[in-house]
Amino acid sequence: MKNRLKCAKSLKRVALLCGAGIAASFVPAAMAAGQGAFGNKPNVVLLFIDDLGYGDIGPYGCKDIPTPNIDKLAETGVVCTSFHVASAPCSPSRHVLMMGEYAQRSGKFGMARGQPLPSDRPTMAQFMSDAGYATGQIGKWDLGDSTQVPLSVGFDETRKNAPMKKYSPDELKALEERMLKYGVKNTKALLKKYKQSSRFFVKTPDGKDQWLTDYDGDMMVDFVKRHKDEPFFLYFSPNAVHSPSMEAPESYINRTTAKGVRRFLAGAIVSVDDQVGKLLKVLDEYGLRENTLIVFASDNGANLDEGGSSTPYAGGKHGGTQQVGWVRVPCIYSYPGVIPAGKRYDGLNSSFDFFSTFAVVSGHPVPGNLDGVNMIPHLQGKKTGVAHEFLFQLNCDPSDMEHRNVVAVRWKDWRLYRKSETDQWQLFDLNADPKETKDVSDAHPEVVKRMDEEFGNWRKTLPEWKPIPPRKKRDTPLIPQGYGWASAKEQASGRVPAKEAGNYLTLEAPKQLVAGSTVTVKITHRIPSKLGEQKIHVTLKSGQKKVKRQVLKAKGTGTLEVSFLIPKEYAGKSLNFAAFAGEEYKQRLQKSLPQLLTDPVIVKQKF
């Protein structure tokens, strides 16, 4: 067995907030609370379920859907009763998770599909890879622009998308009858979207039908087995239990006592529970359970159209986006021997805390841009006070669906709410009134004032909303089709693997260029240590003609300078600077500098 205590060489990432001209700081992980308790480098598994409501699993009081494996996870860890995703729904929630900060800091103020992940600071996957972890992703992505796929932002492997089952006309008819029997709404419209293709059944290599969530669970087991001798980080984000759930097998549904349309959702949740069981079993099989931190959570609140529950709170997806149930969701931390067993944590905490917590347990320097905190000392009871005194919610993207717009602040048992930033605040006491039926703002003006001030201070730290850049079309799927795993290594181009597309060059030219003078260009590079030394070609061009070219050698993270004498005969002509990395030089960075006079030029390109 390989030495699991050996820390892999890793690149110390430096985040450059170029637009703001601010360098993000890094602090040693050993300075963060609780690091000394962990010893070696634990595995990390993040189970991020889609549309799972607060009241839909056993640890949160659900009675009609058995979840024995999730219950076991709770029994060996801590149940967070006041956990909130920082943004909802799908895409912004995942953005927060992957970047460890409020999505609004990157300009994402709503669903905003296609909003790029920032490239000037590491994703969770990039960070864990640099910390010496094997990194894998399974399931739903819904992140970044069309170029930012799992293998390009730090994941070593991603589960390929197996081909979906095709329904025959008779099978579609039977499915319609089943839906009508249990009161599914908009049956005809839902089936029309299917176009004979299943949403949740895949075809296995031997031609059999398999429930997608089961398939994903099998792939999770495979990942653990293959990486059992090294630290691994697995991001498991199945499509379950996203709608539509009406394909859920009767074998799952019959294990529940759910009624009506909820029975389909119940079956899908039972399937998710089975996959948690597979994970716990394989970890026990290889003696890894006590060296594995597992976090279980949901991307947003319950799907109310399918009978999802946010009990005892109100709200959720479809008709409940204005209430706390849209963002207050289940979250369980389990790390035997480090996190106490069978406890609950009632303080405010959020999805951006995952990155901070994983960073500390990895033993790698923690990025200073994160909004979260290391949750472990809070869960252990070693740190007094709440993890967060205030949490903020701001969906104000004018291009988003109107029902998703919401502004809210959480503090203690209070929830301050308004639909838009021009509306009057309403105040609810979630302890006395969990369904948010009575506005008590007039009775507690001092509370409204305090929460409004905190929101205003936070709001000032955010950029202004801007439209999403035009989405680029892809010639290939976001996640490769087929069976098994796609790896970054397989998709390498030249000497720089596709996995390292999360790393970049930054080329910075001065404000003013004058023909006949010397111009100095700065090249900031971020090259993973395992790639060693790389050649970087920097070229000054005019149209297709090369004016000057220099070849630099670089490794790790740093800044190089290269100087060019601009010939006098190029006065008034358009020039380009280009930087190339890798043997084939197919990927490049280019910026036109018209007429030798320009504003500051800072351009960056993933390579």
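The values are calculated or read from the model by the stated rules, or taken from the named source; none is laboratory data. As the structure is a computational prediction, the values presented were derived from the model and not from experiment. Heads up, the Cβs are rebuilt from the backbone with ideal geometry, glycines too, and the neighbour counts pull from every protein chain shown. What goes into the accessible areas is simple: the full protein's heavy atoms, side chains included, and nothing from ligands, DNA or RNA. Shrake-Rupley method; radii C 1.70, N 1.55, O 1.52, S 1.80 Å.
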*Within region 447-456, identify whether any single residue is in a loop (DSSP other than H, G, I, E, B) and either of a type outside the set (A, V, I, L, M) or at pLDDT 70 or above (or both), and answer yes or no.*
no
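Do we find a residue being farther than 30 Å from Lys185 by Cβ, open to solvent by less than 40 Å² (accessible area, probe 1.4 Å), of a type in the set (Val, Ile, Thr) and modelled with pLDDT of 95 or more anywhere in region 313-325? Can you show your working first?
Start the filter on region 313-325 by keeping residues that are farther than 30 Å from Lys185 by Cβ, which leaves none.
Scanning region 313-325, I find no residue that is farther than 30 Å from Lys185 by Cβ, open to solvent by less than 40 Å² (accessible area, probe 1.4 Å), of a type in the set (Val, Ile, Thr) and modelled with pLDDT of 95 or more, so the answer is no.
Residue by residue, here is whether (1) under 30 Å from Ile253 (Cβ atoms); (2) outside any helix (DSSP H, G or I) holds:
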residue: Phe109; (1), (2): no, yes
residue: Ala112; (1), (2): no, yes
residue: Ser119; (1), (2): no, yes
residue: Pro122; (1), (2): no, yes
residue: Ile138; (1), (2): yes, yes
residue: Gln148; (1), (2): no, yes
residue: Asp170; (1), (2): yes, no
residue: Glu176; (1), (2): yes, no
residue: Gly183; (1), (2): yes, yes
_Please go through region 549-568 and give me each residue that is open to solvent by 60 Å² or more (accessible area, probe 1.4 Å) and either of a type in the set (Phe, Trp, Tyr) or in a strand (DSSP E or B) (or both), ordered by number._
Arg549, Gln550, Val551, Lys553, Thr559, Glu561, Leu565
*Given the residues Gly144, Gly183, Gly110, Gly136, which is the only one that is open to solvent by less than 20 Å² (accessible area, probe 1.4 Å), small (Gly, Ala, Ser) and out of contact with any His (no Cβ under 9 Å at 6 or more places or on another chain)?*
Gly110
*Only one of Lys193, Lys188, Lys173 that is outside the structural domain of Ser271 (by the TED database) and closer than 26 Å to Thr476 by Cα*: Lys193
*Evaluate the following for Arg94: is it assigned by the TED database to the domain that holds Leu47, open to solvent by 10 Å² or more (accessible area, probe 1.4 Å) and either touching a Leu at 6+ places or on another chain (Cβ under 8 Å) or without any contact (Cβ under 8 Å) to a residue 24 or more places away in the chain (or both)?*
no
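Condition check ((1) of a type in the set (S, T, N, Q); (2) touching a residue at least 12 places away in the same chain (Cβ under 8 Å)) across all residues:
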site: Val202; (1), (2): no, yes
site: Gly207; (1), (2): no, no
site: Glu230; (1), (2): no, yes
site: His242; (1), (2): no, yes
site: Ser245; (1), (2): yes, yes
site: Gly260; (1), (2): no, yes
*Can you run down the residue pairs with Cβ atoms below 6 Å, 6 or more apart or on separate chains, where the first is in region 50-75 and more than 18 Å from Ile253 (Cβ to Cβ) and the partner is among the small types (Gly, Ala, Ser) and modelled with pLDDT of 95 or more?*
Tyr54/Ser310; Gly55/Ser309; Gly55/Ser310; Pro59/Ala74; Asp71/Gly58; Leu73/Ser334; Glu75/Gly342
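Going through Gly77, Gly58 one at a time, which residue ends up being at pLDDT 95 or above and in contact with a helix residue (DSSP H, G or I) (Cβ under 6 Å, 6 or more places away or on another chain)? Full working, then the answer.
Values: Gly77 fails: in contact with a helix residue (DSSP H, G or I) (Cβ under 6 Å, 6 or more places away or on another chain).
Answer to the check: Gly58.
I'm checking my understanding of the structure. Among residues of region 150-168 that are in a loop (DSSP other than H, G, I, E, B) and either out of contact with any helix residue (DSSP H, G or I) (no Cβ under 7 Å at 6 or more places or on another chain) or of a type in the set (Phe, Trp, Tyr) (or both), which one is nearest to Val45 (Cα to Cα)? Please lay out each step first, then the result.
Here is the first cut: in region 150-168, the ones in a loop (DSSP other than H, G, I, E, B) are 153-156, 160, 162-163, 167-168.
Subset that is either out of contact with any helix residue (DSSP H, G or I) (no Cβ under 7 Å at 6 or more places or on another chain) or of a type in the set (Phe, Trp, Tyr) (or both): 155, 160, 163, 167-168.
Working: Phe155: 13, Lys160: 19, Pro163: 26, Tyr167: 34, Ser168: 38 Å.
The selected residue is Phe155.
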*From the list Glu389, Glu464, pick out the single residue that is out of contact with any Cys (no Cβ under 9 Å at 6 or more places or on another chain), under 25 Å from Gly77 (Cβ atoms), of a type outside the set (Phe, Trp, Tyr) and open to solvent by 50 Å² or more (accessible area, probe 1.4 Å).*
Glu389
*Failed condition for Glu500, given (1) in a helix (DSSP H, G or I); (2) at pLDDT 75 or above, with all others met?*
(2)
*Mind counting the residues in region 97-112 that are more than 19 Å from Asp353 (Cβ to Cβ) and either without any contact (Cβ under 8 Å) to a residue 40 or more places away in the chain or in contact with a Leu (Cβ under 8 Å, 6 or more places away or on another chain) (or both)?*
1
